[in-house]
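Read through the structure below, which is laid out as structure tokens, and then see the notes.
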Amino acid sequence: MTTLPRDTDNVPIPALRLKPSGAHKIDATTTSAKNTTAFEDDTQIVSVYATGAVYVNFGQSDVSATPTDHYFPNGLYYDIAVGGDKTLHTPYLAVISAGSDCTVYISEKQ
């Protein structure tokens, strides 16, 4: 369970902390690639940023990405749920370039 910080009125602030050792980097090319280290079991949110357009697919250790998966544009910083509250945990993100080779940065949050 994720606990949010609270303001002076004890109201939760919708913010998550970056998880120590939770940074990932994937080089996106014309071949599918995924994070080499799985997201931790208690990670519910990851933030994703790509330096170029990519297609993304979340899944288990055998996940791969294809040009028919979700399109993720260049320069967008986005939070994505990867588990929690009776939802299957998806510990891997696979990417494939939608144009030029680029880099995808992922941050696990707690």
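Data for the structure
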read-out: Phi to ³J(HN,Hα) by Karplus 6.51 cos²θ - 1.76 cosθ + 1.60 over region 64-70, Hz, x for Gly, Pro; value: 9, 10, 9, x, 9, 7, 5
read-out: Length-normalised contact order of the chain in % [C-alpha pairs under 8 Å, at least 6 apart]; value: 40
read-out: Among Ala81, Thr103, Pro91 the positive-end extreme of the charge dipole of region 18-109 (Cβ point charges); value: Thr103
read-out: Nearest-0.05 FRET efficiency for Thr36 and Asp101, computed from C-beta distance (R0 25 Å); value: 0.90
read-out: Approximate spin-label separation Arg17-Asp62, in nm, with each point projected 7 Å along Cα-to-Cβ; value: 3.7
read-out: Residue-wise HN-Hα coupling along region 89-98, computed from phi with Karplus coefficients 6.51, -1.76, 1.60 (Hz; x: Gly, Pro); value: 6, 10, x, 10, 10, 9, 9, 9, 5, 9
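Each value in this text was obtained by applying a stated rule to the coordinates, not by laboratory testing. This one's a predicted model, so the numbers in the text were calculated from it and none came from an experiment. Because the Cβ atoms are built from the backbone with ideal geometry, glycine has one as well, and the counts that use them run over all protein chains shown.
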